[in-house]
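> Structure incoming, see below.
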Amino acid sequence: MLQRVSQRTDEVEIGALAPDSQLAARWLKRLEHARDVQSVEVVEMKQRAERYEFTALVRYQRSEKPVAKQPVRTVKGGAQ
């Protein structure tokens, strides 16, 4: 579950929760394949109670091409 997004020049910092570390890793791996993404770096991951809290930096290159709006797909049963 996405908790926080901070936009910066050529990168986005995200804070999110996941029920387990494997689901968090799969969600972050999917971000690596998003258009114009150059890298995804996990800054911090902590286990809190029965879930994982993590912060990651998503670095991207701005595209010169216009992007068609598409619906956001979510991962069933996990981080969104």
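> Residue pairs, Cβ under 6 Å, 6 or more apart or interchain, first in region 45-58 and touching a residue at least 40 places away in the same chain (Cβ under 8 Å), second of a type in the set (G, A, S). List them.
T55/G15
> Among the residues of region 9-62, which ones are among the β-branched types (V, I, T) and in a strand (DSSP E or B)?
Of everything in region 9-62, those that are among the β-branched types (V, I, T) and in a strand (DSSP E or B) turn out to be V12, I14, V37, V40, V42, V43, T55, V58.
> Condition first: touching a Lys or Arg at 6+ places or on another chain (Cβ under 9 Å) and β-branched (V, I, T). Now tell me which residues in region 23-66 satisfy that.
V37, V40, T55, listed by residue number.
> On to the next question. Determine the pairs where a residue that is closer than 12 Å to T55 by Cβ, located within region 1-21, has a partner that is surrounded by fewer than 12 Cβ atoms within 10 Å (Cβ to Cβ) and charged (D, E, K, R) with Cβ atoms under 7 Å apart, the partner being 6 or more residues away or on another chain.
I14/R4; G15/R4
A short reminder: the numbers here are calculations on the coordinates, not readings from a lab. What you see is a predicted model; the values in this text were computed from it and never measured. Please note: Cβ atoms are built from the backbone with ideal geometry, for glycine as well, and neighbour counts cover all protein chains shown.
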